[in-house]
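Note sheet for the following structure.
The values are calculated or read from the model by the stated rules, or taken from the named source; none is laboratory data. Just so it is clear, the model here is predicted, and its values are computed rather than measured. Here the Cβ positions follow ideal geometry from the backbone for every residue, glycine too, while neighbour counts run over all protein chains shown.
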Amino acid sequence: MRLVDSHCHLQADAFEGDVDLVIGGARLAGVERILVPGWDPASCRAALALADRFPWLNVAVGTHPHDASSVDDTAWDEITALAADPRVVAIGETGLDYDRVFSPILEQVQNLRRNLQLAVEIGKPAILHCRSAEGQRDGQDALLRELRAFGSTPPPVLVHSYSGPLDYAEAMLELGAMISFSGLVFRAGEEPSADVARLAPPDRVLVETDSPFLSPPGAPRRRNEPEWVAVTARWIAERRGVEEDTFGEQLVTNYDTVFGTP
């Protein structure tokens, strides 16, 4: 089965001692594409340094909602400059987190807006994180409002590690979004993701690990790795009623389409 990992933080401290082995293990497991997104200037630089060593990796640069209050104008200027690098295929991850609220909500919204505007200006998709507190959907609704504010020309977006009700996915799909699923789908409270995974158009679906986080069943809880994206991919293929090899081909096509990769 051909595989992609559309969101994998290989530059995280968790991989500092053995990232070469982790990337090799992913290759052996059939992972052909990996996107390494940053969350602040330092992590964006680190992602590009990894791409220096492993040229088949792709990179995204941007500011995570958790870091919205710590990235000042000078740091943002650096991210904007990094976005011009040809190895950068997307902006992000960015978005809104109304669950943990590590940065004030107003600053999260302002941060989201400048990330989305950068995506529009350079013509690259935005990778969107979105979480609400358990049983709530205020983060999802706020994110939709921000995208709709662009009118008929919203930036292309990838909804990272999908979480939310079915109608949120439907609204995102109407805006042209790609939807990516991670090991989060196996957790209690994320049951609607199964309906989204089954009903989303075949050309709008991706998979990811969000390594080193969100381990699926069978993966080590202490550190998720890109090879474990296979668990989520097989889960989605089963729910969609398609052969694994067929689904794998679609995943590679979708990845290359959204990120403009060969």
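State which residue is nearest to the chain's Cα centre (by Cα) when the search covers only the range 90-139 and only residues that are in a helix (DSSP H, G or I) and of a type in the set (Gly, Ala, Ser).
By that ranking, first place goes to Ala119.
Considering only the range 207-262, how many residues are modelled with pLDDT under 95, of a type outside the set (Ser, Thr, Tyr) and touching a strand residue (DSSP E or B) at 6+ places or on another chain (Cβ under 8 Å)?
Residues that pass the stated criteria total 0.
Select from the range 183-228 the residues that are in contact with a Pro (Cβ under 8 Å, 6 or more places away or on another chain) and small (Gly, Ala, Ser) and write down the one among them that is surrounded by the most Cβ atoms within 10 Å (Cβ to Cβ).
Ser211
Table: residues versus (1) in a helix (DSSP H, G or I); (2) among the aromatic types (Phe, Trp, Tyr); (3) within 14 Å of Ser6 (Cβ to Cβ).
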residue	(1), (2), (3)
Leu173	yes, no, no
Gly218	no, no, no
Arg234	yes, no, no
Arg239	yes, no, no
Glu249	yes, no, no
Thr253	yes, no, yes
Thr261	no, no, yes
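I need a count of the residues in the range 69-89 that are small (Gly, Ala, Ser) and under 20 Å from the mean Cα position of the chain (by Cα). Quick ask: steps written out before the conclusion?
In the first step, residues of the range 69-89 are kept if they are small (Gly, Ala, Ser); the result is 69-70, 75, 81, 83-84.
Then keep just the ones that are under 20 Å from the mean Cα position of the chain (by Cα); that gives 83-84.
Final tally of qualifying residues: 2.
Exposed (fewer than 15 other Cβ atoms within 10 Å of the Cβ) and of a type in the set (Val, Ile, Thr): does that describe Thr74?
yes
If Gly17 meets every condition in (1) without any contact (Cβ under 8 Å) to a residue 60 or more places away in the chain; (2) under 19 Å from the mean Cα position of the chain (by Cα) apart from one, which number is that one?
(2)
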